[in-house]
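To start, the structure under review is shown below, and the notes come after it.
The values are calculated or read from the model by the stated rules, or taken from the named source; none is laboratory data. Being a predicted model, the structure only gives us computed values, none of them experimental. Cβ coordinates were reconstructed from backbone atoms using ideal geometry, including for glycine residues, and neighbour counts include every protein chain displayed. Note: accessible area is taken over every heavy atom of the protein model, side chains too, but ligands, DNA and RNA are not part of it. Shrake-Rupley method; radii C 1.70, N 1.55, O 1.52, S 1.80 Å.
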Amino acid sequence: MAGKKNGAMGKLSFVLALVLVFALALGGLWFFRNFGKSDRVVDAEDAARTIERLYKSIDPDTAPPIKEAVDVSDMLDEADELPDIDTCAVTVDGGAGGTEIWASGEKSGSGTDGWMREMAEAYNREGRVVDGEAASITLRKVASGLAVDYIATGKAKPKGYTPSNMLWVRLLNARGIPTTTVAERTVGNLAGIALTKDKRDWLASQYGTTDLSAITDAVASGDLVIGYTNPNTSAAGLNLLAAALDRYDSANPTSEAAIAGFTSFQSNIPFVAMTTQQMRDAAQRGSLDGFVTELQVYELDNDLQRNYAFLPFGWRHDNPLVAVDGTSAHDQAVLKDFAAYCAENGGALASEYGFDQMDSYDSESPMPEGSTLLRELEAYKQAKDAGSAVVAVFVCDVSGSMDGEPIQTLQSSLVNSMRYIGVNNYVGLVSFNGDVTINLPIARFDMNQQALFKGAVTKGLRASGNTATIDGIIVGVKLLEDMLQEHPDAKPMLFVLSDGQQNAGHNLKDVQGALTSLRIPVYTIAYGEDADLTSLKAISSINEATTLSASTDDITYQLKSLFNANM
């Protein structure tokens, strides 16, 4: 009996030993699972597991494919994409006979952005007479690039046009609209990079200079992280693009060498901002070492001056004034009289409002012609993603609160702007109400995928039910993560189109950490007059994206700008 008992005990001990060894082995694997991995990799893996777990709890449906032929002739033309000009505010009303000038926002707005507005008001108060006729100025606030699109497409046209810099005038001329220069300068300004002072000192010590050549080389090497605004719409962004390409090959700024140099620079740009505020917010959170801005902004911001150095680049932003083709002789005479009035009376106010500083600065290179700028913008469209495809998922709100005009606007804006998505990118579509549906799995955006995308948008989106916004985002992120396994070098992006009024499903705190670790930017586009912008901005702010708040007649144009900048 003792022998049997001892034998049984021996077997039990052996089994326990095996269990212990097995447990230790598993424990060791668990303990050393992250050995040799960076914190970033570990965080991303943990985030992916979180998304996987949440995705399984949502259990999304998959809709049958719906194809609809893509006919470009059915889409809005370039003029129709633009909102009515009345969406751009008139800041000075010169009456029925007023000579209308379109002016960029830094001088036609309010407060310290109101230099030209105040000059126009003062001019009108004088009751001036030009060539025997009453003279007055009507001032409309129109962004420089937007104004070019209005004028070139024939959607609307002013008498006078004063963009931030002469680059826009040359672009307008290259698009077939002649102009007559009234004044090369109305008020002085510069584009530049606001770089933290520590990084400025480091740049000077490493490169012996802090000019644009040093900055672009440091960015290309991964030693600096900066942000800039969309060159298709932003004066400073356009200036940076042209100046960077000129820096790589001044004789031919769209040569293979220049584009290769710009691509190496662009590969370390985390995002192209839609607004200056988007860059400022990213810098405040420590995501950027610097960002593109204008000298006037820097001069008026004590926090910027305390923490950043201003490093000018490119061509001056001297706010030229031109008469647009077809402007009458009287209106041209009024424009000349107004420019002379500003030159004679506006100096003190300009200085007070941050203009007319660093007047000794000028570019060493001649300003590019408009035809060159057009080629540069086309090259940018191809080079901005540094040779990597974008993988994007559109997450569309089809809840009951989107019924009617919001869902119709969402559908039309997506269909009309899809032509601005490059065919080498990868696109999918998800919709959500109280449940989530995968309407279109991610695939290369060739003609077949475009037809499936259009069908999913126009025939597969019907509004009803609750709003589980975060559930839709989770499913979109899961699709992105799966596709990144196949295309690890691709750039992921998520677009959430919604009114933001969530009332079901998971909430933001459930996924905020995972989204942060995965570094997927989530752009939100607000639809409807009652859209919850606060909730949508909270989502976009996680990874330095932005929220677009669009009225029903300008959303297509805003999406066009967003896709041109990012896809």
Given (1) open to solvent by 10 Å² or more (accessible area, probe 1.4 Å); (2) β-branched (Val, Ile, Thr); (3) outside any helix (DSSP H, G or I), number of the condition Ile542 does not satisfy: (3)
Checklist (1) out of contact with any strand residue (DSSP E or B) (no Cβ under 7 Å at 6 or more places or on another chain); (2) of a type outside the set (A, V, I, L, M); (3) surrounded by fewer than 22 Cβ atoms within 10 Å (Cβ to Cβ); (4) closer than 30 Å to Asp362 by Cα applied to Gly132, failing item: (4)
Single residue of Leu335, Leu304 found to be in contact with a strand residue (DSSP E or B) (Cβ under 7 Å, 6 or more places away or on another chain) and more than 30 Å from Ala204 (Cα to Cα): Leu335
From Leu295, Leu300, Leu288, residue being over 17 Å from Ala135 (Cα atoms) and surrounded by fewer than 20 Cβ atoms within 10 Å (Cβ to Cβ): Leu300
Test for Ala147: is it surrounded by fewer than 22 Cβ atoms within 10 Å (Cβ to Cβ), of a type in the set (A, V, I, L, M) and in a helix (DSSP H, G or I): no
Matching residues in segment 357-369 - criterion: being in contact (Cβ under 8 Å) with a residue 40 or more places away in the chain and either surrounded by fewer than 21 Cβ atoms within 10 Å (Cβ to Cβ) or in contact with a Phe, Trp or Tyr (Cβ under 7 Å, 6 or more places away or on another chain) (or both): Gln357, Met358, Asp359, Tyr361, Asp362, Ser363, Ser365, Met367, Glu369
Ala565, sole failed condition from (1) modelled with pLDDT under 90; (2) touching a Lys or Arg at 6+ places or on another chain (Cβ under 9 Å); (3) of a type outside the set (Val, Ile, Thr); (4) open to solvent by 10 Å² or more (accessible area, probe 1.4 Å): (4)
Conditions (1) in a loop (DSSP other than H, G, I, E, B); (2) open to solvent by less than 40 Å² (accessible area, probe 1.4 Å); (3) within 27 Å of Phe563 (Cα to Cα); number of the one not met by Pro158: (3)
Helices (runs of 4 or more DSSP H) fully within segment 343-433 counting 3 or more residues that are farther than 30 Å from Asp246 by Cα, of a type in the set (A, V, I, L, M, F, W, C) and modelled with pLDDT of 95 or more: 347-352
Any hit, segment 108-131, residues being modelled with pLDDT under 85 and either more than 32 Å from the chain's Cα centre (by Cα) or under 18 Å from Gly160 (Cα atoms) (or both): no
Some residue of segment 175-194 being under 25 Å from the mean Cα position of the chain (by Cα) and surrounded by fewer than 17 Cβ atoms within 10 Å (Cβ to Cβ): yes
Top-ranked residue in segment 22-78 [being part of a helix (DSSP H, G or I), aliphatic (A, V, I, L, M) and open to solvent by 60 Å² or more (accessible area, probe 1.4 Å); ranked as modelled with the lowest pLDDT]: Leu29
Residue in segment 247-259 that is surrounded by the fewest Cβ atoms within 10 Å (Cβ to Cβ), counting only those that are in contact with a helix residue (DSSP H, G or I) (Cβ under 8 Å, 6 or more places away or on another chain) and either of a type outside the set (S, T, N, Q) or under 17 Å from Leu212 (Cβ atoms) (or both): Ala257
